[in-house]
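Scroll down for the structure; my scribbles are underneath it.
The values are calculated or read from the model by the stated rules, or taken from the named source; none is laboratory data. Treat the numbers as computed from the prediction; the structure is a model and nothing was measured. As a convention, Cβ positions derive from the backbone with ideal geometry for all residues, glycine included, and neighbour counts pool all protein chains shown. Side chains included, ligands, DNA and RNA excluded: accessible areas come from the protein's heavy atoms. Shrake-Rupley method; radii C 1.70, N 1.55, O 1.52, S 1.80 Å.
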Amino acid sequence: MATVKKLFPPAIPQQSVAEDVQKVDIANVLSYDRSKVYMSDLEAALFHSFHKEVGALKVIEEGDFDHLVEYINMLHKYFPGTEKVMTYLTSLKQSLRSKRKKLNWNQWHQILNASKEIVPLREKYIGCLSTQPGLREFPCALWQLFHVLVGQANGSNQCFQVLQAMRNYITSFFACVECRTHWQDATTDLSVVNNGELCSLYLWRKHNEVNRRLNGSPTEDPYFPKEQWPTHHMCKRCWNETTMNFNVTEVKKFLHLFYSSSNLSFEYMDDEENKTSLHWSPRKCDEL
Ligand SMILES: Cc1cc2nc3c(=O)[nH]c(=O)nc-3n(C[C@H](O)[C@H](O)[C@H](O)COP(=O)(O)OP(=O)(O)OC[C@H]3O[C@@H](n4cnc5c(N)ncnc54)[C@H](O)[C@@H]3O)c2cc1C
């Protein structure tokens with residue numbers, strides 16, 4: 001727990017926990033729509049992963065360099081971002097092409113700074129906000145990012161590569177070292193997705209295994225318990241009412257809709273262009 005807290009530091013300045021807790025506007029955190037995926041969270045995941053995870057390494061070389069290229073290529077291909085963010089990702093991809101399998105801290109931050117002029121990404125969480133400092137935020141947004149990417153690639157024979165790129169990203173860059181080991185062990189069977197099992201279901205199952213393991217742990221935000229997802233409240237159809245096991249056919253449909261581009265909310269982006277192109281209206285979870 002101490003490791004996890006240290007590695008996922010709170011976005012707001014550290015003070016005594018009691019003081020911090022008072023400062024979090026819990027009602028505000030709980031006011032966001034849990035049936036949506038917020039683009040603000042996805043962009044925050046990009047920002048944090050580029051600046052604080054990859055950006056924490058002194059040198060990025062060999063396998064880590066390959067994993068960074070793989071991660072950015074995958075984002076470039078499947079991230080359902082705004083035009084500016086996609087231009088930004090193209091620029092990162094091109095910058096890496098000219099490097100010879102090795103980057104030091106300065107070079108990587110120069111690349112990031114140059115790309116900042118295209119789009120100033122920020123770390124602003126919405127759906128992944130926490131009611132307690134140090135919880136949720138980046139790891140929450142990273143899960144959502146990977147679910148969205150897998151959703152975009154699902155059905156194509158490349159979705160396996162997305163899962164592979166995710167595994168490699170976690171191995172090389174995820175700051176929580178014990179999570180890296182857990183995830184490597186949990187995904188040794190990754191090749192099963194080549195045998196017909198759909199990628200989104202694979203990731204859903206694995207994520208639920210992590211939820212089960214962490215249920216009741218100190219990393220759990222009491223207002224966002226680590227339950228088997230989607231909960232019965234979110235999607236009644238996803239559960240067999242008699243056995244209270246998942247109805248996988250319905251879960252597949254739910255995942256497809258939940259992580260689709262049409263369920264992305266561009267609200268709270270502080271970007272006039274995006275604000276004016278809002279086309280969504282809130283829906284209840286069960287309408288998904
Ligand atoms: C690959 C990976 C491995 C991790 N391993 C560890 C670990 O070993 N130990 C540790 O302490 N922490 C680990 N973490 C962090 C941990 O899983 C949580 O991300 C973190 O505690 C924040 O939890 P959360 O309540 O915001 O929900 P998260 O589990 O982060 O989920 C984020 C959002 O995804 C959606 N969601 C939840 N479950 C599913 C599902 N099954 N399928 C699809 N969508 C879902 C929900 O909308 C939820 O709010 C790991 C994170 C990642 C990305």
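Any idea which of 134, 152, 110 is furthest toward the positive side of the dipole for segment 78-178, if Lys and Arg beta-carbons carry +1 and Asp and Glu beta-carbons -1?
So the residue we want is 110.
Of all the accessible heavy-atom surface of segment 35-264, with the other protein chains kept in place and a 1.4 Å probe, what percent is carbon and sulfur?
Carbon plus sulfur share of accessible area: 50 percent.
Report the one residue of 87, 24, 208 whose Cα lies farthest in the direction of the positive end of the charge dipole of the chain (charges on C-beta: Lys and Arg +1, Asp and Glu -1; origin at the Cα centre).
About the Cα centre, the residue reaching furthest to the positive side is 87.
Which residues among segment 113-143 fall inside the zone where the amide N is under 17 Å from a point 7 Å beyond the Cα of residue 211, along Cα→Cβ?
Backbone N within reach: 127-129, 136-137, 139-143.
Which ³J(HN,Hα) values, rounded to whole Hz and listed in residue order, are derived for segment 227-244 from phi using the Karplus coefficients 6.51, -1.76 and 1.60 in 6.51 cos²θ - 1.76 cosθ + 1.60 with θ = phi - 60°, glycine and proline given as x?
With coefficients 6.51, -1.76 and 1.60, one gets 9, 6, 10, x, 5, 4, 5, 6, 8, 5, 4, 6, 10, 7, 4, 7, 8, 6 Hz.
At 7 Å along Cα-to-Cβ for each site, give me the label-to-label distance between residue 248 and residue 23 in nm.
4.7 nm
Would you tell me the accessible area of residue 122, worked out with a 1.4 angstrom probe on the heavy atoms of the protein chains, in Å² to the nearest 10?
Spelled out: residue 122, probe radius 1.4 Å, area about 110 Å².
Of the listed peptides 32-42, 234-244, what is their order by residue-averaged count of other C-beta atoms within 10 Å, with the highest listed first?
32-42, 234-244
What is the extension gain from residue 197 to residue 105, computed as 0.36 nm multiplied by their sequence separation minus the C-alpha to C-alpha distance, in nm to one decimal?
Fully extending the segment from residue 197 to residue 105 adds 29.2 nm.
So how strong a dipole does segment 93-193 carry about its Cα centre when Lys and Arg Cβ are +1 and Asp and Glu Cβ are -1, to the nearest 20 debye?
With Lys and Arg at +1 and Asp and Glu at -1, about 580 debye.
Between residue 94 and residue 256, how high is the FRET efficiency from 1/(1 + (r/R0)^6) when r is the Cβ-Cβ distance and R₀ = 30 Å? Nearest 0.05.
Computed FRET efficiency for residue 94 and residue 256: 0.40.
Calculate the FRET efficiency for residue 31 and residue 180 from the Cβ-Cβ distance with a Förster distance of 41 Å, rounded to the nearest 0.05.
After rounding to 0.05, the efficiency reads 0.75.
So what is the accessible area of the chain per residue, in Å², with the probe set to 1.4 Å?
For the chain, the per-residue accessible area is 50 Å².
How many angstrom lie between the Cα centre of segment 64-139 and the Cα centre of segment 147-215?
Centre-to-centre distance over Cα atoms comes out at 19 Å.
Once fully extended, how much extra length lies between residue 223 and residue 58, figured as 0.36 nm per residue of separation less the alpha-carbon to alpha-carbon distance?
55.7 nm
Ranking request for peptides 66-79, 95-108: highest mean number of other beta-carbon atoms within 10 Å first, then the rest in descending order.
So the order, starting with the most tightly packed, is 66-79, 95-108.
Charges at C-beta only: +1 for Lys and Arg, -1 for Asp and Glu. How large is the resulting dipole of the chain about its Cα centre, in Debye rounded to 20?
Dipole about the Cα centre, nearest 20: 500 debye.
When the C-alpha atoms of the chain are aligned to their principal axes, what extent does each axis show, in angstrom, from largest down?
Ordered largest first, the chain gives principal extents of 58, 52, 43 Å.
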